[in-house]
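Heads up, the thing below is written out as structure tokens.
Please treat every number below as a calculation from the coordinates, not as lab data. Owing to the predicted nature of the structure, the values given are computational and were not obtained by experimental measurement. Glycine gets a Cβ as well: all are built from the backbone with ideal geometry, and neighbour counts include every protein chain shown.
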Amino acid sequence: MGYTNYIENEPTFNDKQWAIFTEACRELQRIADKKDSGLLEWFFDDDAIGFNNNGIETAIIYKDPTQREWTLNFCKTYRRTPDVYVKALFTLAKRFSGRTKVSCDGYMTEYGNAYSRYARQAFKVGIASIDIEKESA
């Protein structure tokens, strides 16, 4: 039986938050590529960021989920390596809303707290990118 990762009450991002989230996700992509090269196919659009997780399911976060007829608020990973990156992506999105909840129907013990570390590291890079833009303006 595989895992399904869930995100409830997805955040709605303003432009500044989306810029931070985008840079943070680019850092998460760098982490994933360094640790598991070629595993994930990332995409960065004006209104959605996510990845195709090695032919299993797509993990995606929308800039404004309220403007969509439906959203994909879960991702089944079949207890494979992408689990940690799906959880990191959802945890990263959670940083932008106190109402957002992230859960999983499996046990994440085999990954320790890697997803949390990755999300934290990526968020710091996202915040720093905005500070750098201010300094260079």
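Place +1 on the Cβ of every Lys and Arg and -1 on the Cβ of every Asp and Glu in the chain, take the dipole about the Cα centre, and give the residue among Phe43, Cys104, Thr12 whose Cα lies farthest towards its positive end.
Checked the options; the winner is Cys104.
Which links in Lys16/Lys94; Lys34/Lys94; Lys16/Lys124; Lys101/Lys124; Lys34/Lys63 stretch past 18 Å when you go from one Cα to the other?
Lys34/Lys94; Lys101/Lys124; Lys34/Lys63
Where the only charges are on Cβ atoms (+1 Lys, Arg; -1 Asp, Glu), what is the dipole of the stretch 4-132 about its Cα centre, to the nearest 20 debye?
The calculation lands at about 520 debye.
In deg cm²/dmol, rounded to 500, what helix-only [θ] at 222 nm does the chain give when every DSSP H run of at least 4 residues adds -39500 (n - 2.57) and the total is split over its residues?
-14000 deg cm²/dmol, from helical runs alone.
Which of Phe123, Phe90, Phe43 ends up with the largest GNM mean-square fluctuation for the chain, with Cα atoms connected below 10 Å?
Phe43
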